[in-house]
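Enquirer: For reference, the structure I am asking about is given below.
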Amino acid sequence: MSGIAGKPAEHTEQGLKGIRDTGLEEVRLRAFLAHAWRTPKGFYGWLVTVDHKLIGRRYIVTAFLFLILAGLSALAMRFQLAQPEAGHIGPDLYNQLFTMHGTTMMFLFAVPVMEAFAIYLVPLMIGTRNVAFPRLNAFSYWVYLSGGLMIWIAFAFETGADAGWFSYVPLAGPEYGIGKRPDFWAQMVTYTEVSALAVAVEIIATVFKQRAPGMSLDRIPLYVWSVLVTAFVILFAMPAVMVSSTMLILDRLVGTKFFDPAAGGDALLWQHLFWFFGHPEVYIIFIPATGFVSAILPTFVRRPIFGYLGIVLSLISIGFLSFGLWVHHMFATGLPQLGESFFTASSMMIAIPSGIQIFCWIATIWGGRPIFATPMLFVLGFIFTFVIGGLTGVMVASVPLDLQVHDTYFVVAHFHYVLVGGAVFPLLGAVYYWFPKITGRMLSERLGRWNFWLVFLGFNLTFFPMHILGLQGMPRRVYTYPPASGWGEMNLLISLSSLVVFAGFALFFLNLLLSLRNGRIAGDNPWGASTLEWATTSPPPSYDFSRLPVVTHREPLWAEPDTLPVVEGLRVDAREVLAGTVADAVPQLRVPSADNSIWPLLSAIAVGGAFLGSIYTPWAVVWGAIPVSIGFICWFWPKGEPEDEE
Amino acid sequence: MSLAFTCPTQILTDIVPGKAAQQRLRWVSAAPMLVLAGCGDRQSALHAHGANARRILDLIWSFSAVAVATWLLVMLVLAAALLHRRLSETTRSPLEIDSHQERRFTRAVGSAIALTVLVLVMMTIASFFAGKSIASLSGTETLAVRITGHQWWWEVRYAGNDPSQSIVTANEIHVPVGEPVKVELDSLDVIHSFWVPNLAGKRDLIPGRLSQLTLIADKPGIYRGQCAEFCGYQHAHMAITVIAESREAFEAWQSRQNAVASAPGGEEERRGQQAFLSTGCALCHTIRGTPASGTVGPDLTHLASRRALAADTLAMTPGALAAWIADPQSIKPGAKMPRIALSADDLNAVVTYLGSLE
C-alpha cells in the first residue's frame, strides 16, 4: 500500500514504550514490521508460527488432501456400483468406504476448508495483522491434523469407521459396533470439533474487535459477515455432537447406557443430538460459500452487490433457522402430526432467506457488466445447481414425500446438489479468485475453463440421475443391488460420469501445481476488486499491511482507488494490533498480539494423545490431563508484557 | 417383463431339472397363487399400487412440477440478467449506481420473495393434507402384522384369535387386497426401516419402540420392499416381499401357515430331518412339529412356501437352497448363519426335507 494520505497520529505523547510507525519512512517501517512479525526460517519455524496466512494456507492444503482421499473413496464405490451384484468390493470395505467418504467430506474437508479460508482472509479483509488468538489458531490446526490422520491411519489398518458418517446407535454402540471402529470415529469428531470451536472463537473475536477503524457493521464485507454468522452457528451446534460422541465413547468404553433402550436409554436420543448438530453443519458449510459468491460476484460484474442489508439479514436468519430443522432427518422414525407440520414448515421457511440471496445476486448481475472469468463461471454454475438442490430440499421438507425418498438416492442427489453445487463450486471459484492473493500468481484461465466445464457437466451427469434412481426405489448405503431391479443402466451412467468429475478435479490440481511455478505474476489487485485484502501485496507480507487502513466506504478500494487513509501510532518493534468498538470499529486499544510459540503444537500433541488413549482406556483422560496441563501452563505463562494500552 | 424378482414361471423352469423337484412338486406350491396374482411391479415409488403410496406420488409429481417451473423461471431471469443489452459506457466507475434501476430491483426482488412465500405456503398446506389423508388410514385396519427387524432378515408374526392361531414366518407377508393392514414394527438389534415403495412410505424399526404403518394394496400382486436404514454388513440384502391376494387366497395361506410342519414323507426326507436336527441347524431355527425350536434365525416351518431365501437374496430353488446351506458366507458375507459341515448326501437330504416344508 503506497501513497499514504495519513490521518494525524493519535497517540504520540512522549514517554511511551517502543518505536511507533508515526512518521517512519516506508522502507524502515517495513523492515521493523518484518522483524517483529517474522516466522523463523526452516522446519522449526514451520512448527512454531502463528501467522494466520501460513496456518490458513496449510489448513487449505490439508483439507484438499482429505478431499482427494474422500474423492477416491467415492470413485471406488462407483466402481463397485457400476454393475448389479458386482464383486469388486465386499460389504465390509464398502461400508468403511462410504463412512470414510462422508466423514472425511464433512468433518475433514468441508468445514475445515471453510474455516481455513476464513482464517486466511478475515484479517486481510478487515484490515488487521492477525487473528485474535493466534496461538489458539495454531493449536486448532494441529488438533485437526491429528484427528484426520488418526482416522485415516485407522482405516489403513482395517479399523476404518463403518457405521456411516452419522454413526447411528445401536449399530455403532457397544453391542454392534465392530472392534474399535466407532471409537476412532467418535474421537475424530472430538478432535475436529475442538479445532472448529477454536476457530469460531477466533473469528468472532477478530471480527468484533479488530476491524479497521471506520469499518462499522454496515461496511463489513459480506464474506466476513458470512463467516461471522457461521462461527456463531459452530459455537452452538458443535457442542451437541461433542456431547453425543462423548456419550457414545462412554457407552462403549465404560458401560454407560445413554443409548441402550434395555437399560432405560434411548436410541433416538442419539439422532436428536446428532442432527441438532448435523443440520446446522450443512449451513456451516453453505453459509461461507454464499459469502464467496457475494465476494466474487461484485468484482466480476463491476458493481456493488444489490441488497447488502437484505443479504446480511438473510445470513443471520439462515443461521437461526438452521437450528429448527434437525427433525427433518428423522421423519421416518414416526412423529406426532403436529411435530411433523412444525418441522415441515420450518424446513420450507429456510428457503426464503436462501431465495432472497439468489434474487439479490441475480439483480446484481442484471445491474452490472459480467466478465466471464473462471471464478464467475463457478458462481454461475453454483446458481444453476444450487437452485436445483434448494428445490429438492423443499421437496424433502414435506413429511409424506420424505417418507418415500428418505434414505434413497434421491436424498444422495439432493445433498450433493446442495453441498457440491452449493458449496464446492463457490469454493473452487474462491480458489481461482484468491489464489493470486495467496501465491502472487494467477491460475491458468484456459485450464480453469476446462476445469469448470468438466466438473460442472460431470457433476450434473453424475448426480441428476440419482434423483430418478431414488424415486425408482434404490436405497442408499447398499454395496450392491439385484440385476432385476432395473437400476443397472442408470448406475453405469453415473459411474462413467463420475470419471468426468474426477478428470475435472485432476485438472484443478494440475492447474494449481503448474501455476504455482509458472503462473502469470498477479500484482496487488489483479481483478480490480474492492475489498481490503487487495490493498496489500500478493502474497501479503507477514504483517499483512504496513499501515493499517481506515475504512470510509463499503467498497474501500473502489471509493478511494489511489490512496487509502491509514492509522498511525502503532508499535513497529513488537506485535501489536488495533482493537475497536464492536458496532462502529472506533479504535480503543493497542493490543499486543501473541508471538510464535512451540507450545500450541506440544499442547495439541498432549491433547491428541489423551483423546487417542481414551479410545482404549478411560484412564487416558486422567493421566493425559497431566501433559495437557503442562502444555497449557507453558503456553499461557505470563511474559511480563505490557497490558493493552489506551 | 423385467421385475424386481423372479416370476413364478421362472421358478418352474428352474425346478424341473432339479432332482428333488422331480420327486415332489411341492416346491411350486406357491405358484398357482402367484400366477393368479400376476407379477407385481418393479420396486419403485413411481408405480404406486396403494392409497398411501399413491397419495405421496401425487405429491411428488405436483412438487416436481413446481420445482421445475421455479427452476426454469430463475434460470430464465438469470440468462436475461447476463445477456440483456447494456448501454456501452465502459468507463463508468463501479460505484455509479442508477438509483432508478435500484428501485426497480427492489420491487422485483420484493415480488419474487412474496411469490416464494406464497408458493411455500401452498406447498406446506398440500403436504399437510397429504399427511393427514395418509394418517386417516390408520384405525380402519382389518388385520395386523407384527414385523421385527433382525440383521439381516424380517421376522413376521400374525396374531390369531388365540395363540395357537398365530403365524410365524419370515421375509414375506401376505395381505388381502384392498384391505388396510396395520404393520407394527420393532427391532431386536439395530435400527432398520420397512419400505415397500409401491405401497407406502417407509417407517423405521427402532429397538425399544413400537411404530406402525398402514398398508393397502389396491390390486393383487407381488411387491418388493427393502430395508432403508443402514443396518450393517448385509443392509443391501435385506428385502421383504409383500404378496397381495384375494381374501380367500389369503385365508387359505393363513390356514396352511398355521399348521405344523408336515412329517417327512420318505427316506430322503427323514434323513434330511435327522441331519437338520442333529447338526446344529435346530439351535437357531424352529420347525413347528419337530424338536427344532431355535429363535435366532427365521422360522422354517413352511420354508418351501416362500418365494425367496435369505431375505430375497436368492430365489427359492433346490439349487439355491443347497448353495445357501453349503456356504452362506460366500453368498451373504457377514450373515449370522454359519457354514455347517454336511456330507454331500446329508446336504441333499436336508435340501429335500426343507423343500418339502410347504
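Enquirer: Which distance in Å, rounded to a whole number, links the C-alpha centroids of region A:435-492 and region A:378-413?
Expert: 15 Å
Enquirer: Using θ = phi - 60° and the Karplus relation 6.51 cos²θ - 1.76 cosθ + 1.60, list the HN-Hα couplings for region B:289-297 in order, rounded to whole Hz, with x at every Gly or Pro.
Expert: x, 10, x, 5, 9, x, 10, 6, x
Enquirer: In addition: To the nearest 20 debye, what is the magnitude of the charge dipole of chain A about its Cα centre, counting +1 on the Cβ of each Lys and Arg and -1 on the Cβ of each Asp and Glu? Present the calculation step by step, with values, prior to reporting the outcome.
Expert: Details: 37 positive and 41 negative charges, 281 e Å.
Here the size comes out at about 1340 debye.
Enquirer: First select every other residue whose beta carbon is under 12 angstrom from the beta carbon of A:A198; then total the charges, Lys and Arg +1, Asp and Glu -1. Please report the intermediate quantities before stating the final value.
Expert: Details: positive: A:R135; negative: A:E115, A:E193, A:E202.
Within the 12 Å Cβ shell, the charges total -2.
Enquirer: Picking from A:A163, A:G177, A:G214, whose Cα lies most toward the positive end of the charge dipole for region A:155-220 (charges on Cβ: Lys, Arg +1; Asp, Glu -1)?
Expert: Checked the options; the winner is A:G214.
Enquirer: To the nearest Å, what is the center-to-center distance of region A:539-584 and region A:298-363, using C-alpha atoms only?
Expert: Taking the Cα centre of region A:298-363 as reference, the centre of region A:539-584 is 34 Å away.
Enquirer: Through the Karplus equation 6.51 cos²θ - 1.76 cosθ + 1.60, θ set to phi - 60°, convert the phi angles of region B:270-285 into ³J(HN,Hα) values in whole Hz; use x for Gly and Pro.
Expert: 4, 4, x, 4, 4, 4, 4, 6, 9, 9, x, 4, 5, 5, 10, 10
Enquirer: Within region A:457-474, find all residues whose amide N lies under 16 Å from a label point positioned 7 Å from the Cα of A:M490 along Cα-to-beta-carbon.
Expert: Output list for this probe position: A:460-474.
Enquirer: Which pairs in the list A:K180/B:K202; A:K53/A:K180; A:K41/A:K639; A:K53/A:K209; B:K182/B:K332 are over 28 Å apart, alpha-carbon to alpha-carbon? Let's see the in-between values first.
Expert: On the way: A:K180/B:K202 31 Å; A:K53/A:K180 37 Å; A:K41/A:K639 23 Å; A:K53/A:K209 19 Å; B:K182/B:K332 31 Å.
Long pairs (Cα-Cα over 28 Å): A:K180/B:K202; A:K53/A:K180; B:K182/B:K332.
Enquirer: Under a 1.4 angstrom probe, counting protein chains only, how are B:R92, B:R339, A:R547 ranked by accessible area, largest first?
Expert: The ranking, largest first, comes out as B:R339, B:R92, A:R547.
Enquirer: Say we join alpha carbon atoms closer than 10 Å with springs in a Gaussian network model of chain B; which of B:E248, B:E179, B:E96 then has the biggest fluctuation?
Expert: Among B:E248, B:E179, B:E96, the largest GNM mean-square fluctuation belongs to B:E96.
Enquirer: Moving to a separate point now. Which positions within region A:245-267 get 10 Å² or more of their accessible surface covered by the other protein chains, compared to the chain by itself, with a 1.4 angstrom probe?
Expert: A:P261, A:D266, A:A267
Enquirer: Where the only charges are on Cβ atoms (+1 Lys, Arg; -1 Asp, Glu), what is the dipole of region A:449-604 about its Cα centre, to the nearest 20 debye? Numbers along the way, then the final one.
Expert: Details: 10 positive and 12 negative charges, 138 e Å.
Approximately 660 debye in magnitude.
Enquirer: Can you list residues from other chains, or at least 5 along the same chain, whose modelled amide H is less than 5 Å from the amide H of A:V577?
Expert: A:V591, A:S593
Enquirer: Scan around A:R302 for amide H atoms under 5 Å from its own, H built in the peptide plane at 1.01 Å from N, and keep only partners 5 or more places away or cross-chain.
Expert: It is A:R369, by chain and number.
Enquirer: With every protein chain present, what accessible area does A:F32 have (1.4 Å probe, heavy atoms only), rounded to the nearest 10 Å²?
Expert: For A:F32, the solvent-accessible surface is approximately 50 Å².
Enquirer: Just to check I understand the Karplus step: with θ = phi - 60° and J = 6.51 cos²θ - 1.76 cosθ + 1.60, what whole-Hz values come out for region B:44-50, glycine and proline as x?
Expert: 6, 6, 7, 10, 8, 10, x
Enquirer: Quick one: accessible area per residue over the protein assembly as shown, 1.4 Å probe, rounded to a whole number of Å²?
Expert: 36 Å²
Enquirer: Right, another one. Among B:P264, B:T301, B:Q234, which residue has its Cα positioned farthest towards the positive end of the charge dipole of region B:198-302, with +1 placed on the Cβ of Lys and Arg, -1 on the Cβ of Asp and Glu, and the dipole taken about the Cα centre?
Expert: Final value for the positive-end residue is B:Q234.
Enquirer: Would you pull out the residues with amide H under 5 Å of B:A292's amide H, same chain only if 5 or more places away, H placed 1.01 Å from N?
Expert: HN-HN under 5 Å from B:A292: B:I287.
Enquirer: What order, most packed first, do the peptides B:74-81, A:177-184 have when packing is the mean number of other Cβ atoms within 10 Å of each residue? Intermediate results must be reported in sequence, preceding the final value.
Expert: Details: B:74-81: 15.5, A:177-184: 20.8.
Highest to lowest by the protection proxy: A:177-184, B:74-81.
Enquirer: Then there is this: What's the local net charge at B:W152, with K and R +1, D and E -1, over the other residues with C-beta under 10 Å away? Could the numbers behind the result be given before it?
Expert: Details: positive: B:K332, B:K336; negative: B:D189.
Its environment carries a net charge of +1.
The values are calculated or read from the model by the stated rules, or taken from the named source; none is laboratory data. Keep in mind the model is a prediction, meaning the values are calculated, not measured. Backbone-built Cβ (ideal geometry, glycine too); neighbour counts: all protein chains shown. Surface areas here come from the heavy atoms of the whole protein model, side chains and all, with no ligands, DNA or RNA. Shrake-Rupley method; radii C 1.70, N 1.55, O 1.52, S 1.80 Å.
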